[in-house]
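Where a number appears in this text, it was derived from the coordinates with a stated rule and is not lab data. Worth saying up front: this structure is predicted, and the values here are computed from it rather than measured. Glycine also receives a Cβ, built like all others from the backbone with ideal geometry; neighbour counts cover every protein chain displayed.
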Amino acid sequence: MKRPVVLYIAATLDGYIARENGEIDWLYEAEGEGDNGYSEFYETIDTVLMGNKTYEHTFELADQFPYPDKRCYVFSRSEKEPSSHVTFVTGDVPEFIENLKEQEGSKIWIVGGAEILDVLLKSKLVDEFIITVVPTILGKGIPLFKKDNPEMKLSLAKTKRYGQMVQLHYTVKS
């Protein structure tokens, strides 16, 4: 059985994952509960995927790399200096993910950002969507979903409330 690729992310009620400048300050202002299910989810994955912008942004948010115990792949359009934390991938993203899904292991997490998600959606490589809706309307910013995605039918697996936030868990119908 293929390993599932999971989008686990927070978004505003109007569908943005960040301000236009990439800031996510609104996320920390939301009234949640504990870590809003993060630790529980984190135990279900062994691989982390992200774009280069998201990778660079992690060091603005944290003093140390937040996923040291997971295999981490960062997709970049240009060659990067090797890192002890991540493997940089400059090749064909969908082909790389297809190969990753065939390997032994548990779930694969798409951390972000919007560009890498867009490539995976257009290639129909996302199997689950776990989206925590934050009670904020930004009006503009970086949208969770870009235009012209293929139609996908989803099945609601679970909902969970964390304070003022609601987490929606959908699986893709095959």
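Return the lysines within reach of K107: Cα separation strictly under 27 angstrom, same-chain partners fewer than 8 residues apart disregarded; answer none if there are no such residues.
K2, K53, K70, K80, K122, K124, K146, K147, K153, K158, K160, K173
From the helices alone, meaning DSSP H stretches of at least four residues, give me the mean residue ellipticity at 222 nm for the chain, per-run term -39500 (n - 2.57), in deg cm²/dmol to the nearest 500.
Details: 5 runs with 39 residues, N = 174.
Value at 222 nm, helices only: -6000 deg cm²/dmol.
So how do R3, R19, R77 line up by other beta-carbon neighbours within 10 Å, fewest first?
On the way: R3 19, R19 15, R77 8.
Exposure proxy ranking, most exposed first: R77, R19, R3.
Per the Kirkwood treatment, what hydrodynamic radius in Å, one decimal, follows for region 5-172 from the mean inverse distance over all distinct Cα pairs? Walk me through the numbers on the way to the answer.
Details: mean 1/r = 0.0602 Å⁻¹.
Result for region 5-172, one decimal place: 16.6 Å.
Can you give the relative contact order of the chain as a percent, counting alpha carbon pairs under 8 Å and 6+ residues apart? Mind showing how you got there, number by number?
Numbers: 316 pairs, mean separation 64.9, N = 174.
The value is 37 percent.
Taking the Cα centre of each part, how many Å lie between region 87-117 and region 1-54?
A separation of 16 Å, based on Cα centres.
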